[in-house]
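Participant: Please see the structure below; I have some questions.
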């Protein structure tokens, strides 16, 4: 049976064009340019409950423009994994966003549910491009803004110098 085109949910989400192919257990979205945005991040159409009927997962490709910032937010009740394809990024995270880590192309990142974070593209000239996978089929419905100024700032702690590290 040839692949069929399925309505991508344009009635409920005008940002999702009808671009899903397949059926009988396999759905496909062909490569596209960025066509959606949220919190200063541009996205390619990806897979979610809105267009493929997934129950527990969503996935897409995100681009943070040069010098861009994805403002502080929290993922409520779901995990997130990133793979950086291009660029350099910094995550400020934790209570009051007092911790920081930098990542670059080739790095994998895991963000636990409930961890506040803000994301910065470290380049003024190049975008950051990453594959984003979430354990939430709704994509952005369970993300809430985080006000870093309302969080009590705990005393700084020293890093654990005995922890294992990868090389």
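Taken together, the values in this text are just the output of simple stated rules run on the coordinates, not laboratory data. None of these values were measured; they are calculated from a predicted model. Positions of Cβ are backbone-derived with ideal geometry, glycine not excepted, and every protein chain shown enters the neighbour counts.
Participant: Taking a point 7 angstrom from the Cα of residue 149 along the C-beta vector, which residues in segment 69-93 have backbone N less than 16 Å away?
Facilitator: Under cut-off, by backbone N: 71-73.
Participant: R0 = 41 Å: FRET efficiency of residue 125 with residue 56, Cβ-based, nearest 0.05?
Facilitator: FRET efficiency, residue 125 to residue 56: 0.60.
Participant: Shifting gears a bit: Using a simple spin-label model with points 7 Å from Cα along the Cα→Cβ vector, what separation in nm is obtained for residue 112 and residue 99?
Facilitator: 0.8 nm
Participant: Kindly put 109, 64 in sequence by how many other C-beta atoms sit within 10 Å of each C-beta, fewest to most.
Facilitator: Lowest count first: 109, 64.
Participant: Next up: Order of 71, 91 from fewest to most other C-beta atoms within 10 Å?
Facilitator: Listing 71, 91 from fewest to most nearby Cβ atoms yields 71, 91.
Participant: Let me ask something additional. Quick one: order 150, 90 by neighbouring beta-carbon count within 10 Å, fewest to most.
Facilitator: Exposure proxy ranking, most exposed first: 150, 90.
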